[in-house]
């Protein structure tokens, strides 16, 4: 016989006591609910009118870097309804009082019936007078209530329409119909942070929907959403908008601080007033926006790629130097305005003679770039340009940021087929035409990288306390930066520089490069990008769609922006 | 190995009554969806077959299958994490079957600890207990990742019940759990003081070495200090997201709406109840999840205090009979298996009814034998079958 295995005394008694203790706890709660308060609860359940009313939380306020409010909340009146308590024979009456079409009202009542025991918003954004008509008749409208709720308000709706966006009715409601959520821009991207926590009121109501008493467990106050401060400067943004408008064209301006990575201006003209979208945009207004020939829905500062034209030369020049194709002293054959190569004519905009790379940047000589880039490799130039922020989005937050494009063998083989393209494509690309496409924010980044000498921090639109340095280092040598900077400096200060006439008068040294980008059969796009060191480290890019010459059309816009920056610093000192 | 005990009528009668009451209640709770009731009838029929099979299954063979069960559960749990379906992604769909892997994991946990814990108690192996806690802890963590914090914590409670029954003592369990207690107690200063007092008392009673004192006091102090700081670093929406992730039933926006409706339903039952099919909260569909999580509220509304007391007593009798068998069993595996079933029932009854009464957090734990659903009912019938087996075979070793 096997020996009986040793097993200690099992804790039978304590486990039974444990169970009895908890069962007694449960029974005592049952006694409380069913015997002590049984009548109260039976009363409640016979009517079952504990009503939950959600109190919307105010959305977080969005401010610019100087504390100027860009989006906040204004009080507005709403009419809400608890579906099970509403007598449908009152639909006509309610329709009259709200001056709302009966079909429209019926569809909203049907929506309210999805959450039959909870208060559901029927209409919002009423004036005191409109809400007052309903409020006066509440006694015969069981289940209907009039409330004040926070309503989104945009201070510069048109100017920040693409960045901040707007709110609309949420697609899927968590608590009640009529809940808001961000539909576009930062309102959508930062929705979780901007949305607060809904508060709740519990009420016991009678069969007519009148409040008999507050439920004993009390209310939960709404907690407002997080306030958000942007790095943008609303004053500079508004100035940029009006400068673009003054040219009579559509366009965009981007400015950023290249020591902190903070984006200061993201202007895109024309815009649309986001306040029109609050509470649902009318069909008339929506069609007006859709049919506007200026295409206000198009966001030009970061979502639209354009041929960058000669502004790209600051990148291709850096590539020529870094790839060892040219040095500072290399003087290729002269520019005779037209360069014949392989049976084609490659045109320059002027006759520049023999010059080095600084001169080629100063006067924006295309021939210099044709004659030198043909010695290089297309894929290497594309790869080099990627280091300067081209060919991919430059931020991780701006919604729908465009990548732009860079010509590679692979791309050209896809577009033109094997052998359908040649060295000419590389030569054209080196002056920012052909297959090169970039957004204004990318062209501002290229200038910022040259300005910062390869230590541009990660770009941001949200103000924080700390910045990480040097995230954007293409590995270019300091000597190359110096040469490009010299070319950009002389483009402004030399009397033959392309932006001398529009920007040379400014009291601070400006470093800039203009661009006049050919655009099919349409008028050229006018570009300028560049930077200043004083009074603040700011890089910028301007595009005026179909504006013509970069130096004479985009240049004055950039100059106006710099004047506004100087004014800001003058005021603060 | 022939059964050497007469039929345990206490066990059989209370089990049969519970199953019948469950069906009666399901008929009422299913409201207009009578298909729920017919499904439940099928589940009960399968459950009875499973019970009879388990009651006559050789327990030694079960003991041998523990490692296979473990691997099987692991596979099911991992599959659920990646391919889970259903409202919270906790069901595993295999052909026409919707399986809740966590129910099988609970069963595995009981068999696993029944096999290993007595052995470890008898002859301790270096690192043996840690190894056991690690292997069984994987089951708990995988369940938590489903995500199902409620079931995971019930598995943890089950595990510590088993450790206690195996004779490892309370202080050991407390010290093991002390980091969790420290984090929880840090919410309030007074509760933290209470925790420290209990910790010191247990360390004193177990005659701990100074090294152990320092280790536990420093560890728990650091955790208690870090928890509020770590929580505070999160933004409110992150906190909300975390709590909703860990416990989707918490209903952070409805703020206790379900529990309030449940309290109204239970309270309106009064002493004798509103009567079968007459519960207004239930019949008017005010009660949320009334055939699943809040099934007890339906019963309490329609049958009142007396009915609720009767139901709890049936559970009490069942647990008492199983524990008695576990106490008597000579074979440690049999004893542990029975005790595990008793703990399983106890935890589920207390947590589920406590939730409907507003005394416990809202989790998805079912009420044994009553809540709608096949996975848990069949698991329970399986466990009850094995424990009836241990009751009748208490003399075997």
Task: Mean separation of Cα contacts under 8 Å, 6 or more apart, over the residue count of segment A:234-572: relative contact order % - done: 22
Task: Equivalent-ellipsoid semi-axes of the protein assembly as shown, from the Cα gyration tensor, Å, largest first - done: 70, 38, 25
Task: Pair residue A:18, residue B:206: separation of 7 Å Cα→Cβ label points (nm) - done: 1.6
Task: For chain B, built as a Gaussian network whose Cα springs stay under 10 Å, the top-fluctuating residue of B:119, B:105, B:226 - done: B:226
- [ ] State the Cα centre-to-centre distance between segment A:514-573 and segment B:110-181 in whole Å.
- [x] 69
Open item on the list: How far apart, in nanometres, would the label points at residue A:229 and residue B:72 be if each is projected 7 angstrom from Cα along the Cα-to-Cβ direction?
Closed with: 6.2
Open item on the list: Quick check on segment A:325-391: take the gyration tensor over C-alpha atoms, sort the square-rooted eigenvalues as a ≥ b ≥ c, and tell me if it's rounded (a/c under 1.5), prolate or oblate.
Closed with: prolate
Open item on the list: Just want to confirm a number: the relative contact order over chain B, from Cα pairs under 8 angstrom separated by 6+ residues, in percent.
Closed with: 28
Task: Between 0 and 90°, nearest 10: helix A:102-112 axis offset from chain A longest Cα axis - done: 80
Open item on the list: Please rank A:133, A:108, fewest neighbouring Cβ atoms within 10 Å first, as an exposure proxy.
Closed with: A:133, A:108
Open item on the list: At q = 0.12 Å⁻¹, what log₁₀ I(q)/I(0) does segment A:234-572 have when each alpha carbon counts as one equal point scatterer in the Debye sum?
Closed with: -0.80
Task: segment A:224-268, Rg to Rh (Cα coordinates; Rh as Kirkwood inverse mean 1/r) - done: 1.10
Task: Coordinate range along principal axes, alpha carbons of segment B:103-216, Å, largest first - done: 39, 36, 20
- [ ] Take A:463, B:121, B:278 and order them by how many other Cβ atoms sit within 10 Å, fewest up front.
- [x] B:278, A:463, B:121
Task: Residues in segment A:370-403 that a label on residue A:341 would reach, taking backbone N under 19 Å of a point 7 Å out along Cα→Cβ - done: A:370-385
- [ ] Using only atoms on other chains, find how many Cβ atoms lie within 10 Å of each Cβ of peptide B:265-275 and report the average.
- [x] 6
Open item on the list: If R₀ is 45 angstrom, what is the calculated FRET efficiency for the pair residue A:333 and residue A:104, using the beta carbon separation as r and rounding to 0.05?
Closed with: 0.05
- [ ] Taking only Cα atoms and a 10 Å spring cutoff, compute GNM fluctuations for chain B and point out the largest among B:150, B:167, B:273.
- [x] B:167
TODO: Return the average number of partner chain Cβ atoms within 10 angstrom of each residue Cβ along peptide B:166-178.
DONE: 1
TODO: Mind giving me the FRET efficiency for residue B:122 and residue B:45? R0 is 45 Å, r the Cβ-Cβ distance, nearest 0.05 is fine.
DONE: 0.65
- [ ] Could you check which residue among B:156, B:314, B:219 shows the biggest mean-square fluctuation in a GNM of chain B with a 10 Å Cα cutoff?
- [x] B:219
Open item on the list: So if I take the centroid of the Cα atoms in segment A:408-451 and the same for segment B:194-214, what is the distance between those two points in Å?
Closed with: 72
Task: Rounded to 10°, Cα long-axis angle of helix A:234-247 versus longest principal axis of chain A - done: 50
TODO: Could you state, as a whole-number percent, how many of the C-alpha pairs of chain B are farther apart than 27 Å?
DONE: 54
TODO: Calculate I(q)/I(0) for chain A by the Debye formula, one identical point scatterer on each C-alpha and no solvent, and give its log10 at q = 0.11 Å⁻¹ to two decimals.
DONE: -0.96
Task: Efficiency of FRET between residue A:473 and residue B:229 - r from beta-carbon atoms, R0 41 angstrom, step 0.05 - done: 0.70
TODO: From other protein chains only, count the Cβ atoms within 10 Å of every residue's Cβ in B:321-330, then give the mean.
DONE: 3
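Just so you know, all these numbers are worked out from the coordinates, no wet-lab data involved. This one's a predicted model, so the numbers in the text were calculated from it and none came from an experiment. Every residue, glycine among them, receives a Cβ derived from its backbone with ideal geometry; neighbour counts consider all protein chains shown.
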